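Following: one structure in structure tokens, then a few remarks.
The values are calculated or read from the model by the stated rules, or taken from the named source; none is laboratory data. Everything numeric in this text was worked out from a predicted model, so none of it was measured. As a convention, Cβ positions derive from the backbone with ideal geometry for all residues, glycine included, and neighbour counts pool all protein chains shown.
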Amino acid sequence: MKRRLYWMLPDLSSARGTANDLLLARVEDRNMHFMSKRGTDFGELHEASILQKTDIRHAATQGLLTGAALGALTAAILALVPETKDLVGPFTMLMMIVCGGFFGFWASSLVGVSVFNSKLKKFETDLDEGRVLLILDVPVQRVEEIRGLLQARHPEAQWGGQDPAIPAFP
């Protein structure tokens, strides 16, 4: 199990130094993601992915559930209407639920990809000013060690908190 930690860094040079110290502490490069204002060139640093920057996961999940529920509701209504109840069998109902879920997933994903990640709203002002957000995924047992390391080696870094759990495939 991992925890997602957030650190706000003042600039790219601090971000590079922090990344180097984390590498020396045996934190894998793939677990460090950096984010700043649009157009920032991170060089060798890993930029945060679209999944980390946007609300696409939340939107897709909500769309899938809503679409499937609306598909089920539509199938139930069609099954109750005398003119269509002979046309709506179990397979048709299942297909309406699946198609509704797929359509909801697709449509909501299109919206979610354009919406800033709601978990990162508290950092939005700092990001717009050019500061750099470090999103760090570390094993639970190393959280305090990494936090202590960054506080000691990078006093300019501001602790931004942690998420209790991260997605299985971040």
Screening Arg3, Arg38, Arg26 for residues that are of a type in the set (D, E, K, R), under 24 Å from Glu156 (Cβ atoms) and surrounded by 17 or more Cβ atoms within 10 Å (Cβ to Cβ) leaves only Arg3
Practice problem: Can you confirm whether the range 39-53 contains a residue that is assigned by TED's automatic domain parsing to the domain that holds Trp7, of a type in the set (Ser, Thr, Tyr) and in contact with a helix residue (DSSP H, G or I) (Cβ under 9 Å, 6 or more places away or on another chain)? | Solution: yes
Take Arg131 and tell me if it is surrounded by 15 or more Cβ atoms within 10 Å (Cβ to Cβ), basic (Lys, Arg) and within 25 Å of Met1 (Cβ to Cβ).
no
When Asn20 is run through (1) farther than 22 Å from Gly161 by Cβ; (2) surrounded by 15 or more Cβ atoms within 10 Å (Cβ to Cβ), the failure sits at (2)
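Residue by residue through the range 147-162, note down the ones that are within 20 Å of Gly17 (Cβ to Cβ) and not in a helix (DSSP H, G or I). Give the derivation first.
The first filter runs over the range 147-162 and keeps only residues within 20 Å of Gly17 (Cβ to Cβ), leaving 147-160.
The answer is His154, Pro155, Glu156, Ala157, Gln158, Trp159, Gly160.
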Glu144 passes all but one of the listed conditions (1) of a type in the set (D, E, K, R); (2) within 23 Å of Asp21 (Cα to Cα); (3) touching a residue at least 60 places away in the same chain (Cβ under 8 Å); the exception is number (3)
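Being surrounded by 13 or more Cβ atoms within 10 Å (Cβ to Cβ) and part of a helix (DSSP H, G or I) is the requirement here; does Ala107 meet it?
yes
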Exception for His154 within (1) surrounded by 12 or more Cβ atoms within 10 Å (Cβ to Cβ); (2) touching a Lys or Arg at 6+ places or on another chain (Cβ under 9 Å) falls at (2)
Among helices (runs of 4 or more DSSP H) entirely inside the range 5-95, those with 1 or more residues being more than 21 Å from the chain's Cα centre (by Cα), over 29 Å from Ser114 (Cα atoms) and free of Cβ contacts under 8 Å to residues at least 40 places away in the same chain are 12-24, 56-80
Given (1) under 19 Å from Ser13 (Cα atoms); (2) free of Cβ contacts under 8 Å to residues at least 12 places away in the same chain, Val132 misses just (2)
Exactly one of Ala68, Ala15 is in contact with a strand residue (DSSP E or B) (Cβ under 7 Å, 6 or more places away or on another chain) and buried (at least 19 other Cβ atoms within 10 Å of the Cβ), and that one is Ala15
If you go through Gly63, Gly17, the only one that is modelled with pLDDT of 90 or more and within 20 Å of Leu127 (Cβ to Cβ) is Gly17
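Mind listing just one residue for me: the one in the range 110-146 that is assigned to a strand (DSSP E or B) and β-branched (Val, Ile, Thr) and, of those, modelled with the lowest pLDDT? Quick ask: steps written out before the conclusion?
Applying the first criterion (assigned to a strand (DSSP E or B)) to the range 110-146 yields 116, 132-139.
Of the ones still in play, those that are also β-branched (Val, Ile, Thr) are 132, 135, 138.
Working: Val132: 93, Ile135: 92, Val138: 88.
Residue satisfying both the conditions and the ranking: Val138.
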- [ ] Determine, yes or no, whether Ala79 is of a type in the set (A, V, I, L, M), closer than 18 Å to Val132 by Cα and surrounded by 12 or more Cβ atoms within 10 Å (Cβ to Cβ).
- [x] no
